[in-house]
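*Asks:* First, the structure itself, so that you have it in front of you.
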Amino acid sequence: MNRCNIYVCAFALTLISCSDTLAPDPDKVGFNYFPLEIGEFRIYQVQKIKYSLFVPTDTAQYQLKEQVVDTFSTQNEINYILHRFSRDSSTDNWQLDSVWTARRTQNHAIVVENNIPFVKMVFPIRLNKVWDGNLFNASPPDEYQITDIGRSLVTPAGTFVNNLTVFENNDPDTLIFQDIRQSIYALNVGLVYKNSSILDFCNTEPSCLGTLEFGTKFEQILTDYGKE
């Protein structure tokens, strides 16, 4: 009986140990860089510049609000509904711009933008980790990479430390095509900064080589956040 009791205890301890491994520490895995909770919101100041060889440069500045408003379940996964509002300035009323969804699994943070899913983050986070941002859509593979963990960032919403930096692309070529896309995430806040530079340059004739023909520059910076 004593030997049997020892075996039972050992088996119970094994089950406890296994249970612990199935419930990783969210802080260590990195879940807190991609929080999802009904009511939370983030407000950004956005600047978007469009370039064209044939028309004057078009610069737009506006505010963007993203709020988690509800959830629904698919295939045992919780999906969060994100309402995205825009306005020209703080004196204007918010207008619904679009509806996105987001979900976080044990391995991926996925945002569905205009019905296209993108893998924004993978878990556990690790410096220099690389993955395919287009893993769940039909586009060609697009290599994302964690390039920094721990850098501080000052925004109008405050100072954030221990941030996570993801380059969705980092091709700085200025002769033919430039594609730079960067996102920075703060602990327990989520996306605090984003910029992109996607530009096409003339390469058909030596006389115009390197001349900007068309493209877009985009910057989005957090100004406020919280829960309503």
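The values are calculated or read from the model by the stated rules, or taken from the named source; none is laboratory data. It should be emphasised that the depicted structure is a prediction, and the values quoted were computed from it without experimental measurement. Neighbour counts are summed over all protein chains in view; Cβ atoms, including those assigned to glycine, are modelled from backbone coordinates with ideal geometry.
*Asks:* List every residue pair whose Cβ atoms lie under 7 Å apart, where the two residues are 6 or more positions apart in sequence or sit on different chains, the first residue falls within region 197-214 and is within 9 Å of LEU53 (Cβ to Cβ), and the second residue, located anywhere, is part of a strand (DSSP E or B) and among the charged types (D, E, K, R).
*Replies:* Close Cβ pairs (under 7 Å, with a partner that is part of a strand (DSSP E or B) and among the charged types (D, E, K, R)) amount to CYS202/GLU213; GLU213/ASP200; PHE214/ASP200.
*Asks:* Which of the following residues is surrounded by 15 or more Cβ atoms within 10 Å (Cβ to Cβ), modelled with pLDDT of 95 or more, farther than 28 Å from THR71 by Cα and not small (Gly, Ala, Ser): LEU153, LEU164?
*Replies:* On the way: LEU164 fails: farther than 28 Å from THR71 by Cα.
The unique qualifying residue is LEU153.
*Asks:* Another one. Among strands (runs of 3 or more DSSP E) lying entirely in region 87-135, which contain 1 or more residues that are within 13 Å of the chain's Cα centre (by Cα) and surrounded by 13 or more Cβ atoms within 10 Å (Cβ to Cβ)? So that I can check it myself, show each step before the final result.
*Replies:* Details: elements: 95-104, 108-113, 116-122, 130-132.
Ranges flagged: 95-104, 108-113, 116-122.
*Asks:* Could you say which residue among ARG104, ARG87, ARG42 is touching a helix residue (DSSP H, G or I) at 6+ places or on another chain (Cβ under 8 Å) and within 25 Å of VAL189 (Cβ to Cβ)? Can you show your working first?
*Replies:* Details: ARG87 fails: touching a helix residue (DSSP H, G or I) at 6+ places or on another chain (Cβ under 8 Å); ARG42 fails: touching a helix residue (DSSP H, G or I) at 6+ places or on another chain (Cβ under 8 Å).
The match here is ARG104.
*Asks:* What's the number of the condition VAL154 fails, among (1) assigned to a strand (DSSP E or B); (2) under 15 Å from the mean Cα position of the chain (by Cα); (3) among the β-branched types (Val, Ile, Thr)?
*Replies:* Exception for VAL154: condition (2).
*Asks:* Moving on to the next point. Can you report the number of residues in region 189-227 which are in a loop (DSSP other than H, G, I, E, B) and either exposed (fewer than 14 other Cβ atoms within 10 Å of the Cβ) or more than 29 Å from the chain's Cα centre (by Cα) (or both)? I'd like the intermediate steps shown before the answer.
*Replies:* Within region 189-227, the subset in a loop (DSSP other than H, G, I, E, B) is 189, 202-205, 209-211.
With either exposed (fewer than 14 other Cβ atoms within 10 Å of the Cβ) or more than 29 Å from the chain's Cα centre (by Cα) (or both) added as a condition, the list becomes 202-205, 209-211.
Selection size over region 189-227: 7.
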